[in-house]
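Visitor: A single structure is presented below for examination.
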Amino acid sequence: MIQTGIGNSKCLVLGGYLVLDHSNTALVLSLSPRVQCTGTLTNESFNNIIHVETLPHKLSFDLKPSDWKNPQEFLGKYERFILSSFHVFFSTFPLPKNQLFLSIVGDSQFYTENGKTGLGSSSATTVSIIQCLFKLLQPTLADLDTLVFKYAAVSHSLAQGNVGSCFDISCSVWGSQIFRRPSPNFISIEKINEQWDNEHISYQLPNHLHCLLLSTPFGGSSTANLVRSFNAKAQEDPELYEELKNSVISAAEILKNGIPEEIRKSFAVVKKKLRELSIKWEIDVLPTPVYEIASKVEEIDGVITSIIPGAGGYDSIAVITQRPTIDFSELGLTVIASSC
């Protein structure tokens, strides 16, 4: 028997940081790269070992229950997400009696020489594994996507060592959406069968618009450090936080209407607030080098606007365009992903 799990990549276009508060929503788009986990259940005896192969990491190993008993103690980050997925899934469901082989393959765009891309390889990997395990070992359960989201959210948080908003997991499961996070107290194995309070409303850009993600030459930023600094400063300066929130709400509404000039103006207000807090709070949410490149990107024909996705920093630049393909080579930038 063979089954496949798919994890989507993500781009948090509007609502970075704000998404951490359950009262707020965020716009997250699914982009082209995927992680695929293919599982094969044989008729041979199993002996409590799962065989795992991965690309492009070119890893191959055999895992037994004792390996995923305490996954957070494992030093390898990539392996930790795999082990955490097994830990959470098999804490509820029994191990199969037959041999299980898993092959995990991620699209090359997730992994660049310049460092982080912000596409969400860890969330896509986690979702692909959990989805594959459900389809292979528990195929008759109802509302499978919700189960995949919950188990992947708990697994991902365990591997990271902290509870995130889970927007990346939600996008990896359901695709582009307006997202509201689950309350943090739900994200645990103990509450995995309760009714969570997250929301996901399917979203699609207007047909004439596209989202492209550009890699930057700066090597990426630490999301955890940015979030920690942002939260501390937001408590000290609630007025600027509210101004950012209002600008994001407005830009999200205007984006739905699809009028290029209005989109450009509304996103400019968001970027102005991000730049203001970057300077005032001394946080690299929208650093000067990224801001300067993003401004040049907007001068290229076919580009409506740009935004720094997610937590910002040096990871990448998202661009809303009127064409599905645009050449950014004159700025030394490469398109690594596009909206689906």
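Visitor: Mind checking the dipole of segment 2-202: about its Cα centre, +1 per Lys or Arg Cβ, -1 per Asp or Glu Cβ, Debye to the nearest 20?
Guide: 100 debye
Visitor: For the chain, find the longest principal axis of its Cα atoms and tell me its angle to the long axis of helix 288-297, 0 to 90°, nearest 10.
Guide: In the chain, helix 288-297 runs at an angle near 80 degrees to the longest axis.
Visitor: What is the angle, in °, between the Cα long axis of helix 238-257 and the longest principal axis of the Cα atoms in the chain? Nearest 10 is fine, range 0 to 90.
Guide: It is inclined by approximately 80 degrees.
Visitor: Once R0 is set to 22 Å, what does the formula 1/(1 + (r/R0)^6) return for the Cβ-Cβ distance between residue 296 and residue 265, expressed as a FRET efficiency to the nearest 0.05? It would help to have the intermediate numbers written out before the result.
Guide: Details: r = 19 Å, r/R0 = 0.85.
Efficiency computed from Cβ-Cβ geometry: 0.75.
Visitor: Report the charge-dipole magnitude of the chain in Debye, nearest 20, computed about the Cα centre from +1 at each Lys and Arg Cβ and -1 at each Asp and Glu Cβ. Display every interim value, and only then the final one.
Guide: Details: 27 positive and 34 negative charges, 87 e Å.
Value, rounded to 20: 420 debye.
Visitor: Right, next: Would you mind telling me which residue in 67, 197, 143 has the biggest mean-square fluctuation in a Gaussian network model of the chain, where springs connect alpha carbons within a distance under 10 angstrom?
Guide: Of 67, 197, 143, the Gaussian network model singles out 143 as fluctuating most.
Visitor: Summing Lys, Arg as +1 and Asp, Glu as -1, what charge do residues with Cβ under 15 Å from the Cβ of residue 156 carry, residue 156 excluded?
Guide: Value of the local net charge: +3.
Visitor: Of 3, 155, 177, whose Cα points farthest to the positive end of the dipole of the chain (charges on the beta-carbon: +1 Lys, Arg; -1 Asp, Glu; origin at the Cα centre)?
Guide: Of 3, 155, 177, it is 3.
Visitor: May I ask you to order 305-315, 276-286 by the average number of other C-beta atoms within 10 Å around their residues, highest value first?
Guide: Descending packing order for the listed peptides: 305-315, 276-286.
Visitor: Would you work out which of 120, 215, 102 lies farthest towards the positive end of the dipole of the chain, given +1 charges on the beta-carbon of Lys and Arg and -1 on that of Asp and Glu, about the Cα centre?
Guide: Looking along the dipole axis, the top candidate is 102.
Visitor: Also, I was wondering about something else. Quick check: Cα centre of segment 289-319 to Cα centre of segment 205-250, how many Å?
Guide: Here the two parts' Cα centres lie 12 Å apart.
No lab work stands behind these numbers, since they all come straight from the coordinates. Small disclaimer: the values here were computed from a predicted structure and weren't measured. All Cβ positions, glycine included, derive from the backbone under ideal geometry; neighbour counts span all protein chains shown.
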